[in-house]
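> Before I ask anything, here is the structure I am working with.
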């Protein structure tokens, strides 16, 4: 699980770097946006739940990995075009892992189930939202394709199965699969949630 | 007081949903922005004061209500135009309630009086600021009409009266009335604070 | 050190006010943006490290000073044009002080060295980033001239010297000098970090 977590962190750092690159940030800005994307969701989760200090202060691997991934992306992107579809799959994978970890963290604090669903979604999505705010854009996940919703579904599955007594690895895998398939299906067929339509505007 | 608090939460969630709707967010985005608007100010207050976990983790009614208000708004706004002036009055009411709650929270932590004024204003206004940042705009309350200032005035009244030994319900009502009348007067006559004017630009 | 800290706070509040002024915020907005710029970095640092309540709740001088500096700037800027180059030098000075304080805070919590470097940079730069986000812009320090990098270098020097057993005032002064000269050199010769360049876009 720890290795999967680090993998998710690296993937999120890469997507953060690419977003920063589109805004022509410098190498420091790329590192910051990459780190915020990778550890931002988990940071907000820890603050909300009152876990202190936040996880990446306790285990610096997350930061080291984020910064390393940002630097590699910074260099590699000059010479190669990143295969976008592969990145999307990796990102969906990271979303799945982060969701399970976020739910688990809330459960370990014996927070209510609703809160666990929220922190799961938050761990997966808040980093990407902070990335978009830093890049001066309305967060993508609030307006395009099913993303956080995949995470929400996975969180519900995880908590239901945990409540039914399944072991961590079983409910975690099932939840992860739900996130992954929902998200990949959304990408494949361009599924979106209905948009807000107001009368008389 | 608890019921008033929930009422304020619902109203803020509705204004958050409408702001999200103007940006064409999807139903998930609307829920997120609504929840951030409704509980964002109190969340920052709790983090700043070191109250943990934050209030909506301890009492999930706030989140349930925010999400429900967002969904109702999402559906209703398709068929009816919300009466804007009524919403403004309700919002002023929510601001009054949140201000008193924010001051009270700081006092219970025996924070300095100045901090209580700040957390009162923060509880009322920070959610709206986060809403605007998420929607990609410079927060309205930093540039238009008297809003946070009404909250500030109310906070001062609340703390003065509390210091003079008045009971909670008396100082709370008086402070709430001050916020409400200041804000409604500002809306009615378009009162604004002076803007920053720089020489030689 | 405390006086230097207050000086840095005032300078950051002035730069925050001027940025708010460029966006035509009103006097309340100017105060908020000034305070966020001045105490925002240290607030995030305290939240991340789990220090609670945050520093300006324990010592209200920081807030009083920020608000006072904002009001003075608000009035003075109507009649005089602030000498921009002097402000940049003062700001570099504030960055130096905040960096040392941020590193020191992490060390006192016996956080890992890497975290101390990060909280040092954060204390110096996160306030400015929040200022720019509130003003609806992509943070300057992520894309222009060497700024946070100066802070980063200073942090490394401070921690190396502390690890080698130098007293606080010696490693602090040396680190401060490194920040100051790096930043001033960057301003003088317009030094920037390399920007992100992606192939095929």
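> Would you check which residues across segment A:1-34 are more than 15 Å from residue A:72 (Cα to Cα), part of a helix (DSSP H, G or I) and facing chain C (nearest Cβ under 10 Å) and list them?
Once the filter is applied, which keeps residues that are more than 15 Å from residue A:72 (Cα to Cα), part of a helix (DSSP H, G or I) and facing chain C (nearest Cβ under 10 Å), segment A:1-34 yields only A:22.
> Working only within segment C:6-28, note down all residues that are surrounded by fewer than 20 Cβ atoms within 10 Å (Cβ to Cβ) and under 21 Å from residue C:177 (Cβ atoms).
Selection gives C:6, C:7.
> Quick check on segment A:158-168. Is at least one of its residues without any contact (Cβ under 8 Å) to a residue 24 or more places away in the chain, more than 19 Å from the chain's Cα centre (by Cα), more than 14 Å from every other protein chain (Cβ to nearest Cβ) and in a helix (DSSP H, G or I)?
Yes; the residues of segment A:158-168 include at least one that is without any contact (Cβ under 8 Å) to a residue 24 or more places away in the chain, more than 19 Å from the chain's Cα centre (by Cα), more than 14 Å from every other protein chain (Cβ to nearest Cβ) and in a helix (DSSP H, G or I).
> Further question: Which is surrounded by fewer than 24 Cβ atoms within 10 Å (Cβ to Cβ), assigned to a helix (DSSP H, G or I) and out of contact with any helix residue (DSSP H, G or I) (no Cβ under 6 Å at 6 or more places or on another chain), of A:181, A:149?
Matching residue, one of A:181, A:149: A:181.
> Out of B:172, B:155, which single residue is under 24 Å from residue B:52 (Cβ atoms), more than 9 Å from chain C (Cβ to nearest Cβ) and buried (at least 20 other Cβ atoms within 10 Å of the Cβ)?
None of the other options fit; the residue is B:155.
> Would you please name the residue that is farthest from the other protein chains (Cβ to nearest Cβ), looking only at residues in segment B:72-83 that are assigned to a helix (DSSP H, G or I) and surrounded by fewer than 16 Cβ atoms within 10 Å (Cβ to Cβ)?
For segment B:72-83, the residue satisfying everything is B:72.
> Just checking, does segment A:84-104 include any residue being in a helix (DSSP H, G or I), more than 30 Å from residue B:24 (Cα to Cα) and either more than 14 Å from the chain's Cα centre (by Cα) or within 14 Å of chain B (Cβ to nearest Cβ) (or both)?
Yes, because at least one residue in segment A:84-104 is in a helix (DSSP H, G or I), more than 30 Å from residue B:24 (Cα to Cα) and either more than 14 Å from the chain's Cα centre (by Cα) or within 14 Å of chain B (Cβ to nearest Cβ) (or both).
> Restricting to segment A:184-199, name every residue that is crowded, with 16+ Cβ neighbours inside 10 Å and free of Cβ contacts under 8 Å to residues at least 12 places away in the same chain.
A:196, A:198
> Which one of these is surrounded by fewer than 22 Cβ atoms within 10 Å (Cβ to Cβ), within 18 Å of residue A:122 (Cβ to Cβ) and away from chain C (no Cβ under 14 Å): B:60, B:37?
On inspection, the qualifying residue turns out to be B:60.
Values in this text are rule-based calculations from the coordinates and carry no lab data. What you are looking at is a predicted structure, and each value in this text was computed from that prediction instead of being measured. All Cβ positions, glycine included, derive from the backbone under ideal geometry; neighbour counts span all protein chains shown.
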